[in-house]
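This report refers to the structure that appears directly beneath it.
The values are calculated or read from the model by the stated rules, or taken from the named source; none is laboratory data. In this text the structure is predicted, and so the values were computed from the model without any measurement. Glycine gets a Cβ as well: all are built from the backbone with ideal geometry, and neighbour counts include every protein chain shown.
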Amino acid sequence: MEEVEHRVVIVGGGAGGAELAAALGRQSQKLKMKVSLVDCASQHLWKPRLHEVAAGVLGDSGDAIPYLALGQANGFRFYLGGLVGLDVSAKTIAIGPVLTARGDTLFSDRLLKYDTLVLAFGSEVNDFGTPGVREYCHVLDDGECALAFQKQFLEEAVKISEESTSRLRIGIVGAGATGVELAAELHRAVASMHRVGGLMPVDKLAVTLIDMAPCVLAGSAPEVSSFASSAMQKLGVRLRLNDAVTQVMPNGFVLKSGETVPCDLRVWASGVIGRPLAAKLNLELDRSRRIVCDAWLRCTGTEDVYAMGDCAAVVDPQTDRPLPTTAQVAHQQAAYLCRRLAQRPSQSSMEAFQYRDRGSLVSLGTQSTAGEFPVAGRRVRTFNGTLPKFAYLSLHLMHRATLIGWRRAVTLMLADGLKRTVAPPVKLH
């Protein structure tokens, strides 16, 4: 009697979901598995690069990999569409309709059966209920959001060049990694726009970083925070710390201190919360709308449903707090689930997931990065400047290699380098 294939369905093709689908897909024949990936987008973009897309230094598809091609290369099937429902008892998920650009129905509602389900649909920016955020702020939740900001950013730069306005004021709420990296990348982009396109000079750009914390990168080591703060000030970024935004207006931010920070473009990059979708799945959620999981990444109260990455709340036993919403966590969870799901049922007593902090890196422009790494016998060791920049760039290379193999990843890296020697370093259209 032929053995029935075990159906593994992964919902969400972000950093962790795409890596898990690729790794399991490559083993699917040997493991007698049928691996499927579901996502409402048609291509994968590594989220840590969204600030580069927003600034225009990375084009629409400069780093994107179509899921269909990724599936074909790695042995999994891709389903386009968004998750709209979950029936744990029937072991099915509901995928919503997909429309064409003209508004016609490309795919209607579908049901997809699973034997094992992995939820990896990520998170979104938390506006904390602040009035005006949804109406007047850009967020960097995905590629489309980043491109929407980039388009308006370029339009405003053209206005400056035509002298219809005198200064481009950009306000960013959140002085964490996303806000700091975006501020640095915007200065790089404007300098490139002026050099190759004759658009506004960098002295016409005024960026303000706002955060209620007393320093930038508040969760990092003091040396890293200090280095990043100095880098921001050298770029001319204005820091408004120890203050919170109480309301967003069409022309700026109203602060708790009573002051208004005037802005032509507004970005909200403060806080993370689970997507509203999580509340529709009848799973246990924490206060941040993340799915509560046990130490083996299983969703509470289920046997064959797992969650990973930003949408999952997994408590770190060393800190007794949920693991951070970073690509590093998602990468480690993907590797763990690949090993766990590759086991036979009789071997399912595998050890619990254990997160190992490998440190953090924050890009501060073309040549500089702030980094911290755990070292035995002390809390962290910090590395700031040019050297950790190479480590930062290697993270993207390793992610690509996980998806498409080292040979292709290195080839793409070399191709990207050659392209940068002849193509404009920033998007001008």
If we scan the range 55-77, do we find a residue that is farther than 25 Å from Glu185 by Cβ, in contact (Cβ under 8 Å) with a residue 40 or more places away in the chain and in a strand (DSSP E or B)? yes
Log entry, pairs with first residue in the range 168-196 being among the acidic types (Asp, Glu), second being assigned to a helix (DSSP H, G or I), beta carbons closer than 8 Å, six or more apart or on different chains, reads Glu181/His51; Glu185/His51; Glu185/Glu52; Glu185/Ala54; Glu185/Ala55
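Return the residues of the range 143-172 that are touching a strand residue (DSSP E or B) at 6+ places or on another chain (Cβ under 9 Å) and acidic (Asp, Glu); say none if nothing qualifies.
Within the range 143-172, the first condition is being touching a strand residue (DSSP E or B) at 6+ places or on another chain (Cβ under 9 Å), and the residues that meet it are 143, 145-146, 148-149, 152-153, 156-157, 159-160, 167-172.
Matches in the range 143-172: Glu156 only.
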Just give me the residues in the range 103-143 being touching a helix residue (DSSP H, G or I) at 6+ places or on another chain (Cβ under 7 Å), small (Gly, Ala, Ser) and assigned to a loop (DSSP other than H, G, I, E, B), in sequence order. Ala120, Gly122
Give the residue that is modelled with the lowest pLDDT, with candidates limited to residues of the range 296-325 that are closer than 19 Å to Ser89 by Cβ and part of a loop (DSSP other than H, G, I, E, B). Glu303
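Suppose we filter Ala218, Ala184, Ala213 for residues that are outside any loop (DSSP other than H, G, I, E, B), more than 17 Å from Arg167 (Cα to Cα) and not charged (D, E, K, R); which single one remains? Give the derivation first.
On the way: Ala218 fails: outside any loop (DSSP other than H, G, I, E, B); Ala213 fails: outside any loop (DSSP other than H, G, I, E, B).
That would be Ala184, the only listed residue that is outside any loop (DSSP other than H, G, I, E, B), more than 17 Å from Arg167 (Cα to Cα) and not charged (D, E, K, R).
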Is at least one residue of the range 102-111 in the same structural domain as Thr326 (by TED's automatic domain parsing), surrounded by 12 or more Cβ atoms within 10 Å (Cβ to Cβ) and in contact (Cβ under 8 Å) with a residue 40 or more places away in the chain? no
Does Arg407 satisfy the condition of being exposed (fewer than 12 other Cβ atoms within 10 Å of the Cβ), at pLDDT 90 or above and closer than 24 Å to Glu223 by Cα? no
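From Val158, Val118, Val125, grab the single residue that is under 15 Å from Val267 (Cβ atoms), modelled with pLDDT of 90 or more and not acidic (Asp, Glu).
Working: Val158 fails: under 15 Å from Val267 (Cβ atoms); Val118 fails: under 15 Å from Val267 (Cβ atoms).
The conditions single out Val125.
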Any idea which residue in the range 14-48 is surrounded by the fewest Cβ atoms within 10 Å (Cβ to Cβ), counting only those that are among the small types (Gly, Ala, Ser), at pLDDT 95 or above and closer than 24 Å to Pro97 by Cα? Ser36
Kindly indicate which of Val267, Val224 is β-branched (Val, Ile, Thr), farther than 24 Å from Thr130 by Cβ and within 25 Å of the chain's Cα centre (by Cα). Val224
Please indicate, with yes or no, whether at least one residue in the range 41-52 is over 21 Å from the mean Cα position of the chain (by Cα) and among the hydroxyl-bearing types (Ser, Thr, Tyr). no
